[in-house]
Amino acid sequence: MFEKIEEKDLNIYRFLVENSDRNINYIIECARTRDCVIIDPLDKDFIDKIIINNDLNPKLVLNTHAHPDHIAYNSYFMDKYKIKLNAHNICKDLFTQEFDNIFENDIVKIGDLRIKVLHTPGHCPEHISFIVNNYVFCGDTIFACGVGNVRFRGDASMLFRTIHHKMKNLPDNLKLLPGHDYLENNLKFLDSIIFDDNDFASDIKNFLLDCKSNELSEIKDIGFEKKYNPFFRIDEFSFLDLLKTSDKFSDLNMEERFKLLRDMRDEW
Ligand SMILES: [Fe+2]
């Protein structure tokens, strides 16, 4: 349930929170200075344990968005370490703490690390993602093989534009670190809507065999999403051919297809 990713200049700590929503918490550390940033703190005890055991210096809390499961322990860490919070201020009043506004293309500095901010609205208007080195912390915008829901202040048209005009342009080798681990459910949904007798379907069935519900899923990259995430491929006729209900999609424009797929996932 816990993993430390070690690279030359940064370490990433990630773990699965023990809740039904399978939140994933992250700490990013500059390997030279041990300065670190806490993203969307939810399990405060486990985060504390990581900070103490690894002798980390917390410098900042970052929020991808203001949903309660992403901001729950902001104040705890801000007070304990006398550190600030950075977030996007579109829905300013939903955050319960004072914070510094960050937006598209800002660079957040932690030790030697440079964390780039992307505005990725759709799941909710204030949603931002963070790119550092080869990783994108994408909150509830993209999940492996899926995208965030739009039930709580979300907008499916906006999410469509974020995925198809922004996230799809990111490099294939960028690794995805989402706010929840929904891979198994997303694969089961995908398996339920596609025909069985093809290579794509057998890949999905094989990925499902690798899923272990009490463990963190293996990290996927943008290249994987471009091949297996139905929300990334809903604009392709070759993907529509794989769907059992392709006739429902064929007369729709790309944005309408994306919305229909989001509705199908919600009703599944
Ligand atoms: Fe959320």
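Given Cβ point charges of +1 (Lys, Arg) and -1 (Asp, Glu) and nothing else, what value in debye, to the nearest 20, does the dipole of the chain about its Cα centre take? Spell out each step's value before the answer.
Values: 35 positive and 47 negative charges, 137 e Å.
My answer is approximately 660 debye.
Remind me, relative contact order of the stretch 2-178 in percent, using alpha carbon pairs under 8 angstrom and six or more residues apart? Numbers along the way, then the final one.
Details: 362 pairs, mean separation 25.4, N = 177.
Value for the stretch 2-178: 14 percent.
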(message) Taking the Kirkwood radius as the inverse of the mean 1/r across Cα pairs, report the Rg/Rh of the stretch 120-184.
(response) 0.94
(request) Any chance you could give the angle, 0 to 90 degrees and rounded to 10, that helix 254-267 forms with the longest Cα principal axis of the chain? (result) 80 degrees
(request) Determine the alpha carbon to alpha carbon distance for each of 116/259; 44/80; 44/84; 116/168 and list only those over 19 Å. (result) 116/259
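Per the helix-only calculation at 222 nm, which mean residue ellipticity applies to the chain, given -39500 (n - 2.57) for every DSSP H run of n ≥ 4 and division by its residues, nearest 500 deg cm²/dmol? Mind dumping the intermediate values first?
Details: 11 runs with 89 residues, N = 268.
Mean residue ellipticity, 222 nm, calculated: -9000 deg cm²/dmol.
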(request) With label points built 7 Å along Cα→Cβ from the Cα atoms of residue 198 and residue 8, find their separation and express it in nm. (result) 4.2 nm
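For the stretch 29-124, divide the Cα radius of gyration by the Kirkwood radius and give the resulting Rg/Rh value with two decimals.
Working: Rg = 13.1 Å, Rh = 13.8 Å.
Ratio of gyration radius to Kirkwood radius for the stretch 29-124: 0.95.
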(message) Let me check the size of the chain from its C-alpha atoms; what are the radius of gyration and Dmax in Å?
(response) 18.5, 57
(message) Placing one identical point scatterer on every Cα of the stretch 10-77 and ignoring solvent, what is log10 I(q)/I(0) from the Debye formula at q = 0.24, 0.26, 0.29 Å⁻¹?
(response) -1.06, -1.22, -1.44
(request) Excluding residues on the same chain fewer than 8 positions from residue 220, give the aspartates and glutamates whose Cα lies under 16 Å from its Cα. (result) 3, 140, 172, 181, 184, 203, 210
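Using r as the Cβ-Cβ distance of residue 116 and residue 247, and R0 as 41 Å, what FRET efficiency do you calculate, to the nearest 0.05? Kindly include the intermediate steps, with their values, before the conclusion.
Values: r = 42 Å, r/R0 = 1.02.
For residue 116 and residue 247, the calculated efficiency is 0.45.
Only Lys, Arg, Asp and Glu count, each charged at its Cβ (+1, +1, -1, -1), so figure out the dipole size of the stretch 46-184 about its Cα centre, rounded to 20 debye. Provide the component values of the computation, followed by the final result.
On the way: 15 positive and 16 negative charges, 50 e Å.
The dipole magnitude comes to about 240 debye.
Taken together, the values in this text are just the output of simple stated rules run on the coordinates, not laboratory data. None of these values were measured; they are calculated from a predicted model. Quick reminder, even Gly has a Cβ in these numbers, built from the backbone with ideal geometry, and neighbours come from all protein chains shown.
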